[in-house]
1. Net charge near GLY109, counting Lys/Arg +1 and Asp/Glu -1 over other residues with Cβ under 15 Å of its Cβ?
2. Could you check how much of the accessible area of the stretch 70-116 is carbon and sulfur, as a whole percent, using a 1.4 Å probe?
3. So how exposed is ASP108, as accessible area in Å² (1.4 Å probe, rounded to 10)?
4. If you count only protein heavy atoms and use a 1.4 Å probe, how large is the accessible surface of VAL113, to the nearest 10 Å²?
5. Please list SER59, SER35 from largest to smallest accessible area, probe radius 1.4 Å, with all protein chains kept in place.
6. List residues of the stretch 46-77, by number, whose backbone nitrogen lies under 20 Å from a label position 7 Å along Cα→C-beta of ARG114.
Amino acid sequence: MAIEEANTATDAGADAGVGAAEGDVATLAADGLASKHYPIAPGYRVNVRIGPGTQFGVSRVLPAGTSVPINCQTPGTNVNGPYGTSNIWDNIANGEFIADAYVHTGSDGYIAVRCG
């Protein structure tokens, strides 16, 4: 079981040069690719990875207070987060995944179509 290296909002461990997600989320909504957004666990900054697992590189870090669209979901590395332990990874944009254990979806299972 892996623990995703999400940081609390007060942690200075995230890269300073990593871009915020807000513009990307707004673009997805404007393009009609996502309508519902799900909040990240309060107080957490969450790593966005280039694949569905902790072995994939981090492309950016979502700031605390972010909500994200879930385009599709796929199994990957087990992650222990504030919403339990899960192997579900959420695709939030083309080639970008976050661990579902950090997203408040209201469910312990899949809430979107499987990526594929």
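The values are calculated or read from the model by the stated rules, or taken from the named source; none is laboratory data. What you see is a predicted model; the values in this text were computed from it and never measured. Positions of Cβ are generated from backbone atoms using ideal geometry, with glycine treated the same way; all protein chains shown enter the neighbour counts. What goes into the accessible areas is simple: the full protein's heavy atoms, side chains included, and nothing from ligands, DNA or RNA. Shrake-Rupley method; radii C 1.70, N 1.55, O 1.52, S 1.80 Å.
1. Result for the local shell: -2.
2. 43 percent
3. Roll a 1.4 Å probe over it and ASP108 shows about 140 Å².
4. 100 Å²
5. The ordering from most to least exposed comes out as SER35, SER59.
6. What the label zone holds, given the 20 Å backbone N cut-off, is 51-54, 70-77.
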